[in-house]
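Shown next, in structure tokens, is the structure this report addresses.
Values quoted throughout were computed directly from the atomic coordinates according to the rules given, and no laboratory measurement underlies them. Model, not experiment: these values are computed from the prediction. Every residue, glycine among them, receives a Cβ derived from its backbone with ideal geometry; neighbour counts consider all protein chains shown.
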Amino acid sequence: MDIEKKTNQQRTIVVAGGTGALGGSVARAFLATGARVIATFVKQAEYDALAKQAGEGLIGVSLDVTDEKAVAQFVAETESKYGAIDALVIAVGGYAGGKQLWETDTATYDMMLSLNLRAAFVMTRAILPGMIRQNRGAIANVASKAGYGHAAGAAMYAASKAGVMALFDSLAEEVKPYNINVNSIVPSIMDTPSNRRAMPKADFNVWPKTDDIAKVIVYLCSDDARVIHGAAVPVYGRT
């Protein structure tokens with residue numbers, strides 16, 4: 001089959017962290033195009049909730065995306081069953097903050113680098129060879145405005161997000177010989193249940209909705225966005 005003529009129905013999209021607030025929006029947005037969406041998850045209840053909303057085309061895989069061997073097996077099985085993976089979205093991440101650097105323990109350091117940097121490295125490293133073989137693909141990474149503005153009390157989070165943006169900047173240069181698009185999206189505060197709980201007095205109306213951010217990600221993974229490569233696209237809304 002000519003890869004260039006793949007239809008949306010034949011595309012395979014992997015959303016790492018596909019059951020979180022943004023990941024779920026991304027999964028639903030790709031499903032709306034008719035694509036096959038494989039969402040990795042850790043919590044079964046989150047996947048079950050997404051599956052009830054999503055309908056046909058969603059496939060859930062319980063996976064520790066920081067585990068190199070488990071991810072390699074997942075990619076091999078996915079490619080064997082469905083063919084090459086057409087797009088990867090890194091929606092895995094976490095936040096820990098509220099303490100000064102000298103008060104922060106190494107467990108927090110390890111967690112931030114694992115969730116926000118290692119997961120992106122492990123998933124991307126495993127999936128890229130298949131994209132290179134087919135000379136086609138798209139990778140979209142969810143970064144954070146914190147990677148630019150290094151606020152007090154969030155040093156480890158900011159460092160991990162700055163690191164992952166640097167990783168994908170370099171990767172974009174490395175895959176220039178191939179027909180693979182690599183971009184990051186850069187949110188600030190998103191309208192999610194956890195953010196509402198953390199900041200109950202904020203004006204939620206100005207926070208970008210995850211469904212709107214998901215539309216940007218779907219676009220960046222489409223043929224219409226082939227000229228956008230190595231970008232960090234801000235999705236701050238009015239925040």
(message) Skipping prolines and chain starts, which residues have an amide H placed within reach, meaning under 5 Å, of the one on Ala202, given they are 5 or more residues away or on another chain?
(response) none
(request) Report, to two decimal places, the Cα Rg of the chain normalised by 2.2 N^0.38 Å (N = number of residues). (result) 0.97
(request) Report, to the nearest 10°, how far helix 119-134 tilts away from the longest principal axis of the Cα atoms in the chain, using its own Cα long axis and a range of 0 to 90°. (result) 20
(request) Calculate how steeply helix 155-174 sits against the longest principal axis of the alpha-carbon atoms of the chain, using the helix alpha-carbon long axis, and give the answer as 0 to 90 degrees to the nearest 10. (result) 30
(request) Return the sequence-ordered ³J(HN,Hα) values of the stretch 11-22 in whole Hz as given by the Karplus equation 6.51 cos²θ - 1.76 cosθ + 1.60 applied to θ = phi - 60°, using x for Gly and Pro. (result) 6, 10, 10, 9, 10, 6, x, x, 10, x, 4, 6
(request) Only loop residues by DSSP count here, and only those with at most 16 other Cβ atoms within 10 Å; note down the trypsin sites (Lys or Arg not before Pro) in the stretch 202-237 that meet that. (result) Arg226
(request) Go through 11-19, 190-198, 54-62, 163-171 and give me the packing order, highest mean Cβ count within 10 Å leading. (result) 11-19, 163-171, 54-62, 190-198
(request) May I ask you to give the average projected area over all directions of the convex hull of the Cα atoms of the stretch 52-171, in nm² rounded to one decimal? (result) 9.0
(message) Only sites in a loop by DSSP and with at most 15 other Cβ atoms within 10 Å count here; which trypsin sites (Lys or Arg not before Pro) in the stretch 31-102 make the cut?
(response) Lys43, Lys99
(message) Per DSSP helix of 4 or more residues, -39500 (n - 2.57); summed, then divided by the residues of the chain. What does that give at 222 nm, rounded to the nearest 500?
(response) -13000 deg cm²/dmol
